[in-house]
1. Could you run through the range 98-134 and say how many residues are of a type in the set (Val, Ile, Thr), surrounded by 16 or more Cβ atoms within 10 Å (Cβ to Cβ) and more than 14 Å from Ser57 (Cβ to Cβ)?
2. Taking Lys109, is it part of a helix (DSSP H, G or I) and more than 10 Å from the ligand (Cβ to nearest atom)?
3. Given the criterion among the polar types (S, T, N, Q) and in contact with a Pro (Cβ under 9 Å, 6 or more places away or on another chain), identify the matching residue among Thr45, Thr20, Thr103.
4. Among the residues of the range 26-41, count how many are in a helix (DSSP H, G or I) and closer than 16 Å to Leu186 by Cβ.
5. Looking for something over 23 Å from Leu17 (Cα atoms), touching an Asp or Glu at 6+ places or on another chain (Cβ under 8 Å) and more than 16 Å from the ligand (Cβ to nearest atom) - is there at least one such residue anywhere in the range 87-98?
Amino acid sequence: MKPFQGLFFKEVCPWWLAWTFDNPLRRVIHKPEAIVGPYLHEGMTVADIGCGMGYFSLAMAKIVGEGGIVIAVDLQQKMLDLMQARAGKAGVAHQIHSVCATTEDIGIKDPVDFVLLFWMAHEVKNIPRFFGQIYSVLKKGGNILYVEPRLHVPDRRFQEILGHARQAGFQINDAPQVRLSRAAVLSKKG
Ligand SMILES: C[S@@+](CC[C@H](N)C(=O)[O-])C[C@H]1O[C@@H](n2cnc3c(N)ncnc32)[C@H](O)[C@@H]1O
């Protein structure tokens, strides 16, 4: 196995590693409002699955406003705790519902208008089940923004994951430009 291969390709990103990409410098390359803004509007219920320390969850809460909700989902309670602490400082904690997922269950019970999967799906153990569960909670007409880190996820793997999404009933509508990343916008077929 190559150095770090297990860490980056096969395992869940540990909370202490998240500081390497979720820090103030990140705004230079990933402006969250520009990346997710086109898919969101006030009052929406949206999900940030694999939210990590909440880089996107906080921005999404500001966009959907007081009438909206962000469901921030992560496998690691530590990530959710860090995310909620940041949300408290940003004054948006009351708009963010934390959900601690398991490897088999995304844990979302209510219908959502939009799902963000940012640099996380390559860590999911059971991808077909994962997209099947998203299919059952995403409202008709809603979008998924699916983004992977270009360095860690080769195009072959990205296409393989998109294949699972298609099999779950999604179609690919767009391939937006996101720095250092491969990205696709998905919605339910038909
Ligand atoms: C590389 S981090 C990205 C965090 C965040 N999306 C960002 O861009 O800053 C990936 C996150 O996905 C979470 N994760 C991995 N598999 C998951 C799953 N099946 N369900 C929910 N979260 C998951 C990890 O715990 C980790 O916090």
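Quick note: the coordinates plus some simple rules give every number you see, no bench work behind them. Just so it is clear, the structure is predicted and the values come from calculations on it, not from any experiment. All Cβ positions, glycine included, derive from the backbone under ideal geometry; neighbour counts span all protein chains shown.
1. Quick first cut of the range 98-134, residues of a type in the set (Val, Ile, Thr) only: 99, 102-103, 106, 108, 112, 115, 124, 127, 134.
If we keep only those that are surrounded by 16 or more Cβ atoms within 10 Å (Cβ to Cβ) too, we end up with 99, 106, 108, 112, 115, 124, 127, 134.
Those left that are additionally more than 14 Å from Ser57 (Cβ to Cβ): 106, 124, 127, 134.
Adding up the residues that qualify gives 4.
2. Working: part of a helix (DSSP H, G or I): no; more than 10 Å from the ligand (Cβ to nearest atom): yes.
Criteria not met by Lys109.
3. Details: Thr20 fails: in contact with a Pro (Cβ under 9 Å, 6 or more places away or on another chain); Thr103 fails: in contact with a Pro (Cβ under 9 Å, 6 or more places away or on another chain).
Sole residue among the options that is among the polar types (S, T, N, Q) and in contact with a Pro (Cβ under 9 Å, 6 or more places away or on another chain): Thr45.
4. Step one: list which residues in the range 26-41 are in a helix (DSSP H, G or I), which gives 26-29, 32-39.
Retained after the next criterion (residues that are closer than 16 Å to Leu186 by Cβ): 35-36, 38-39.
Looking only at that region, the number is 4.
5. yes
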